[in-house]
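Undergrad: If you scroll down you'll find the structure; I have some questions about it.
The values are calculated or read from the model by the stated rules, or taken from the named source; none is laboratory data. Since the structure is predicted, the reported quantities are computational estimates derived from the model, not experimental observations. Don't worry about glycine lacking a Cβ; one is built from the backbone with ideal geometry, like all the others, and counts go over all protein chains shown. To get the accessible areas, we keep the full protein, side chains included, count just its heavy atoms, and leave off ligands, DNA and RNA. Shrake-Rupley method; radii C 1.70, N 1.55, O 1.52, S 1.80 Å.
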Amino acid sequence: MTIWRGKHPLILASQSRARQMLLGNAGISFEAVPADIDERAVQRNSGLTSPGEIAGLLAREKALFVASKNPGRHVIGADQTLALGERLFSKPSGRAQAAEQLRQLAGNSHALHSAVAVACDGKIVFADVSVATMTMRPLSDSEISAYLDAAGEAVTSSVGAYQLEGLGVHLFERIDGDHFTILGLPLLPLLGFLRSERLLGI
């Protein structure tokens, strides 16, 4: 059952299964239309260095790109950055880089900045950035190797080489933050905006 009251379904400018799951579980009708933008080029050209600002920029750019091809539709863009102190992490290119990321994150706290933006007819009509702090337990090389063996290729699909909704949960000793923020979509602020626009039936 959907609670969506808009004339057309929302568009989610993302291929993320986690984000699609969150919207679907919330009873919202949507279509997934990935944004074909060069995220690293957008980041480089912006000159931004703050993890939260970078996530916010990329979320807005994704929403605007897809909205430009779908007039009259509300489009959700989302992005997430992982920062250990001043260092930003990207998705690991393979097992060796995944292991290196885990060695650096182990025993430390890092920040996930999750951004969401909604665009319609060339304008950003809503934007939010939420933060979660993740504390990874100390890990030996053998523990990292065992985790990588069990998780397989999935480690290259997420920044930090983990998915908290899967085997990645075993890596942590403490989490401070919103579950939705951790999965890459600040859902509660987004739902608040959609209600204010009378687009939801609850």
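Undergrad: Between the range 8-72 and the range 141-175, what is the C-alpha centre distance in whole Å?
TA: 25 Å
Undergrad: Given all pairs of different Cα atoms, what value in angstroms does the Kirkwood hydrodynamic radius of the range 1-53 take?
TA: Result for the range 1-53 stands at 13.2 Å.
Undergrad: How many nm separate the modelled label positions at Phe172 and Leu48, each set 7 Å beyond the Cα in the direction of the Cβ?
TA: 2.3 nm
Undergrad: Between helix 141-151 and the chain, what is the angle of the helix's C-alpha long axis to the longest principal axis, kept within 0 to 90° and rounded to the nearest 10?
TA: Its long axis makes an angle of about 40 degrees.
Undergrad: Hey, what did the chain get for relative contact order, percent, Cα under 8 Å, at least 6 apart?
TA: Computed over the chain, the figure is 22 percent.
Undergrad: Would you calculate the separation in nanometres between label points at Thr156 and Gln97, each defined as 7 Å from the Cα along the Cα-to-beta-carbon direction?
TA: Result: 0.9 nm between the two label points.
Undergrad: If you don't mind, another one. Using Cα atoms only, what is the angle between the long axis of helix 51-68 and the major principal axis of the chain, expressed in degrees (0 to 90) to the nearest 10?
TA: The angle comes out at about 40 degrees.
Undergrad: Given (1) 54, 40, 26; (2) 54, 38, 35; (3) 89, 33, 30 as candidate values of Cα extents along the principal axes in Å, which corresponds to the one derived from the coordinates?
TA: It is the one labelled (1).
Undergrad: A follow-up question, please. At 1.4 Å probe size, what's the solvent-accessible area of Asp36? Round to the nearest 10 Å².
TA: Near enough 130 Å² of accessible area.
Undergrad: Between Arg5 and Asp141, what length in nm is gained on full extension when 0.36 nm per residue of separation is reduced by their alpha carbon distance?
TA: Between Arg5 and Asp141, full extension yields 43.8 nm more.
Undergrad: Summing Lys, Arg as +1 and Asp, Glu as -1, what charge do residues with Cβ under 14 Å from the Cβ of Ala115 carry, Ala115 excluded?
TA: Residues near Ala115 contribute -3 overall.
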